[in-house]
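Notes to accompany the following structure.
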C-alpha cells in the first residue's frame, strides 16, 4: 500500500489540475464556440445559444455561413465576396451597392459604427416574409481579403424587446470574424 500511495497522490493531483484548467478555460471562453464558414475560409465565435443550420444553405442557397438562435428568434446569414472580384472597391462603395438592392424595403436607418476596431455598416429595415413582419439588420463589414454581408433576421413577436441588446450581441459576434 505504501508504494501505491505516491502514485495515488500523483494521479489525484493530475486530475485536479486538469479539472481546474478545464474550468478556467470555460470561464475565459464565456461559453463561446467557433463556427467555420461552409467554404472553410472564415471563423466566427458564437455563444452557446446559437447553432449551425441543420442543412447547409438551409436559409439561402448562396450563403457561406448560417446560424440560428431559436431562444431569441434570430437568424444569421453571411455572404462573402473576394475584394479582387469586386475590383477592390471600398467598404463604403460595397455598402452602397447593397443598399441599392434593398431600396424597395422600408429602410429605418443606415449608419456606420465601430465594434472592436472594425468598421461596420448597419442598415435596419422591416419586410414581410410569408405574411410575418420580420425586422432585418443588414451588416456590411470587411476582413483583409473579403467583404461580408450579414443578414440578421429578428423573427419573434417581441422584436422591440431587448432590441439594443440584440444589436450589441450581433456586433460582438461580428467583431470576432477572422479569415483562416
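The values are calculated or read from the model by the stated rules, or taken from the named source; none is laboratory data. If you're wondering where the values come from, they're calculated on a predicted model, not measured in any experiment. Backbone-built Cβ (ideal geometry, glycine too); neighbour counts: all protein chains shown.
For the range 61-76, state whether one or more residues are on the phi < 0 side of the Ramachandran plot, in a strand (DSSP E or B), surrounded by fewer than 17 Cβ atoms within 10 Å (Cβ to Cβ) and at pLDDT below 90. There is no residue in the range 61-76 that is on the phi < 0 side of the Ramachandran plot, in a strand (DSSP E or B), surrounded by fewer than 17 Cβ atoms within 10 Å (Cβ to Cβ) and at pLDDT below 90. Can you confirm whether the range 83-106 contains a residue that is at pLDDT 85 or above, in contact with a strand residue (DSSP E or B) (Cβ under 7 Å, 6 or more places away or on another chain) and loosely packed, with under 14 Cβ neighbours inside 10 Å? So far as the range 83-106 goes, no, none of its residues is at pLDDT 85 or above, in contact with a strand residue (DSSP E or B) (Cβ under 7 Å, 6 or more places away or on another chain) and loosely packed, with under 14 Cβ neighbours inside 10 Å. When residue 88 is tested against (1) out of contact with any helix residue (DSSP H, G or I) (no Cβ under 9 Å at 6 or more places or on another chain); (2) over 26 Å from residue 36 (Cα atoms), exactly one condition is not met: (2).
To keep it simple, each residue is scored yes or no on (1) surrounded by 17 or more Cβ atoms within 10 Å (Cβ to Cβ); (2) assigned to a strand (DSSP E or B); (3) modelled with pLDDT of 85 or more.
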site	(1), (2), (3)
54	no, no, no
78	yes, yes, yes
122	yes, yes, yes
126	no, yes, yes
133	no, yes, no
136	yes, yes, yes
139	yes, yes, yes
147	yes, yes, yes
